[in-house]
Amino acid sequence: MLRETLQDVRYGVRVLVKNRGFALAAVLTLALGIGANAAIFSLVYGVLLRPLPYRNGGRLVVLHQQAAKANQPDVPFGAQEIFDYRDNSKALDAVVEHHSMNFLLLGPDWAERVNTAVVSANFFDVLGVKPVLGRTFVAADEAPNSNAVLILAYDYWKTRHGGDPDIVGKVFQMNNRPHTVIGVLPPIPQYPVENDVYMPTSQCPFRSSQRFINNRRARMMTAFGRLKPGVLLEQAQADLSTIAASLENSYPDIYPKSYGYGIRVAPLQEDLTRRARTTFLVLLGAAGFVLLIACANVANLLLARLLKLERELAIRAALGAGKARLIRQLLTESVLLSLAGGALGLALAPGALALLTKFAERFTTRAGEIHVDWPVLLFTLAISLGTGLLFGFAPAVSTSGNLGDALKQGSARTTAGRGGRRLRAALVVSQVAVSFVLLIGAGLMIRSFIKLQQVNPGFNPGRLLSMRLSPNFTRYTTLQQLETLSDSLLRRVRSVSGVEDAALCSNFPFNPSGVASGPGNVAFEIEGRPVSRGELAPQVDITVVSAGYFPTIRQPLVAGRDFSEHDDGNAPLAAVINQAMVHHRWPSEDPVGKRISFDQGQHWVTIVGVVGDATEYGLDRAVKDEVYTPVKQSGFGGNLVVRTMADPAGMSAAVRAALHGVDSQLAVDRVQTVERLQQESMASPRVTTILLGLFAGLALLISASGIAAVMALSVTQRRSELGIRMALGASSRSVLSMVVRQGLALAAVGTALGAIGAIAVTRLLATLLYATSPTDVSTFTVVSVVFLTVSAVACLIPAREVTGIDPVIALRSE
């Protein structure tokens, strides 16, 4: 059997080399389909399927507090809540905490803002992470008054410190204290965000405060846990839900029944990838559809080639070759084609991985784990073999017709049985149907993206520069000092030539940090509308801005007044709200002069103005109720927005210099134009749309070529019949029209089946669409017209050969 298999392989190679045109067309078609699948599978495996690079990663879970009735699916944890779940859980053998803050790291002659993770001392022990240099935290590092220590993230160590092998033991200033580097982490995905450095909880000036620890309403942490050996996720869910119910009963003021307090346990691997899962699986499905279309196209090419081989196969059968032997030979040739296509596709796949990795970074911190390795190679080999068998099986089996008829006919004639014609028609219909589904998906994404681009952001991002500011807060400990710093910074920046206006703010539209975290949910009370005990308090998002912020970003003032320099710590508390809040809270009243409170009536804030709605958190997210408060009454705005008279990017150096002229230790980073940030906020839907569009275009091209090939074969086989029709009086135009109609009939059937399939499949896209229904009638109509037009052209090109048929020659041949 091995000898016969090797014989089949050698013979198959000779046949394919001899038929270079056929082999090249088939290999290129398969390479596109297999290469697309290999690239997307690399993405899916690296992010969704690859085991976590942590010890016992399958036992790691994330805890999510929820207030379902308050529409808060992920409430941060407070210190007391961490202690409650850590001390009372019977299903978890450890509960650790994590939160990120931005601190100023001071070197000998530089200041840098670093993303700092504040974690439990046993955080890395629970995750099972071993450092590449030094050590991780121990219990003594978390003790009060212990020496301040830091662990560096791998990327930060490489990029900012050049991978210094002697970094352990070096000392940097942070929070007005010396911090000693004790270790460097390996290159692992960090969660929930990428950080630069890590410190234990006792070193964070906020987390270590006893006032914060004792206050159950003070929440800012994420909680992780590790399941005990043998404990299932469902058991852990029941265990923690019991603790949550106990907390709700023990502290009714903190967890009112109206909030619907509860807790959800999720595997860490699922949490790391939840934002990416739907998009990546849709792309994998689209790539799979392209491969199916490629298979159908190559199967049709094989069927056309078999018409020329019928006499050869008949002779081999007459000489004693069995049906199974002939089928095996043909399958060997198809597998050789698919392996060649797989090898070429695999060679093309790495070229797309760099782009796919950048795309994945927008969804998950696991993007660094995307690469071509053994699982990807095995997947490519498997789909190559499967593809060869899939597209080769039906043509091979179709040789089981009456081969004796082929022997009776001359070598210049070939036969085409009814079964073969039906098989070719079925393959074309399936190609068209699957292609139509892909085109509908791409059409819906394009329509959604166009609608997203048409959204009015509510302000003017043109000529607007943004940057993040981080002062050394140990030098500014009072509200008066922060007010003086804010005034000095704005005065100096506004004096820079080319600057039209400038303002400070805690957040601004399309700010990457704001987009990632989403709007806040701060409970408030309206004067004269007390919240009853147990009643759900209204929620609002708060943004701190300086005077001149709204004119700077061109957010229109609708009613009342803007903030002024007099809205400081000595003036009555003031606020400006957006129109969405007016619509929800005072639909038939003038809100200016109304008062609200964020501390249950201890202090009242007067609404002095109303501004238009701005898409603070992205064009695709609904505008939330927004309250703006003045910087001078709230502390410091960590972001600077600058309206320039010319290109804002060219002004960044001058603005930086002005800022450092006020405070040389001021860290300035994330310098970017707001127009660029707006484009970046749409990058994920844009890339998804482009990828689906490429897959759909590829599918349309392959399907059109398949229709054209089938029509060309049909015309060749029916030359005598068509010539006789013309000899009997039929015009060339009528015969041409008949042939085109027959081809269009296949396309129409495929389009109808594709429309039915699209209605079912495109519902999976619902979460990716903006203001677009998965069954949008206009999209279905436009795609149908485009597809049938392309199909008509694909039919017409080969059908034009009909006009060259000579009726006399056709009659003589009969």
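The values are calculated or read from the model by the stated rules, or taken from the named source; none is laboratory data. Everything quoted here is computed from the prediction, not taken from an experiment. Note: ideal-geometry Cβ built from the backbone for every residue, glycine included; neighbour counts use all protein chains shown. Side chains are part of the model used for accessible areas, which takes the heavy atoms of the whole protein and leaves out ligands, DNA and RNA. Shrake-Rupley method; radii C 1.70, N 1.55, O 1.52, S 1.80 Å.
Checking the conditions here, which among 118, 62 is under 25 Å from the mean Cα position of the chain (by Cα), buried (at least 19 other Cβ atoms within 10 Å of the Cβ), at pLDDT 95 or above and closer than 23 Å to residue 154 by Cβ?
Just one listed residue meets the conditions, 62.
Among the residues of the stretch 681-698, which ones are over 18 Å from residue 621 (Cα atoms) and either hydrophobic (A, V, I, L, M, F, W, C) or open to solvent by 40 Å² or more (accessible area, probe 1.4 Å) (or both)?
687, 690, 691, 692, 694, 695, 696, 698
Go through (1) within 21 Å of residue 707 (Cα to Cα); (2) without any contact (Cβ under 8 Å) to a residue 60 or more places away in the chain; (3) open to solvent by 70 Å² or more (accessible area, probe 1.4 Å) for residue 792 and report which single condition fails.
Checking residue 792 against (1) within 21 Å of residue 707 (Cα to Cα); (2) without any contact (Cβ under 8 Å) to a residue 60 or more places away in the chain; (3) open to solvent by 70 Å² or more (accessible area, probe 1.4 Å), the one that fails is (3).
Applying the selection to the stretch 355-392, what residues are in a helix (DSSP H, G or I), buried (at least 22 other Cβ atoms within 10 Å of the Cβ) and of a type outside the set (A, V, I, L, M, F, W, C)?
366, 380, 384, 387, 388, 392
Given the residues 676, 643, which is the only one that is outside any helix (DSSP H, G or I), out of contact with any His (no Cβ under 6 Å at 6 or more places or on another chain), within 15 Å of residue 508 (Cα to Cα) and among the charged types (D, E, K, R)?
643
Among residues belonging to the stretch 585-614 that are polar (S, T, N, Q) and either touching a Phe, Trp or Tyr at 6+ places or on another chain (Cβ under 7 Å) or in a loop (DSSP other than H, G, I, E, B) (or both), point out the one that is least open to solvent (accessible area, probe 1.4 Å).
597
For residue 655, state whether it is of a type in the set (Val, Ile, Thr), part of a helix (DSSP H, G or I), surrounded by 15 or more Cβ atoms within 10 Å (Cβ to Cβ) and under 22 Å from the mean Cα position of the chain (by Cα).
no
Of these, 27, 44, which one is over 24 Å from the mean Cα position of the chain (by Cα), in a helix (DSSP H, G or I) and buried (at least 18 other Cβ atoms within 10 Å of the Cβ)?
27
Identify the single condition in (1) in contact with a Pro (Cβ under 8 Å, 6 or more places away or on another chain); (2) crowded, with 19+ Cβ neighbours inside 10 Å that residue 627 does not satisfy, given that it satisfies every other one.
The single condition residue 627 does not satisfy is (1).
I need every pair where a residue in the stretch 649-670 that is farther than 20 Å from residue 472 by Cβ has its Cβ under 6 Å from the Cβ of a residue that is part of a loop (DSSP other than H, G, I, E, B), sequence separation at least 6 or different chains.
Partner pairs satisfying both residue conditions: 651/498; 654/496.
Within the stretch 71-115, take every residue that is at pLDDT 90 or above and in a loop (DSSP other than H, G, I, E, B) and give me the one that is farthest from residue 251 (Cα to Cα).
91
When residue 571 is evaluated against the numbered criteria (1) surrounded by 18 or more Cβ atoms within 10 Å (Cβ to Cβ); (2) touching a Lys or Arg at 6+ places or on another chain (Cβ under 9 Å), which criterion, by number, is the only one it fails?
It fails just one condition, (1).
Assess whether residue 266 counts as being closer than 30 Å to residue 515 by Cβ, open to solvent by less than 10 Å² (accessible area, probe 1.4 Å) and part of a strand (DSSP E or B).
yes
What residue, of 474, 484, is open to solvent by 60 Å² or more (accessible area, probe 1.4 Å) and of a type in the set (S, T, N, Q)?
484
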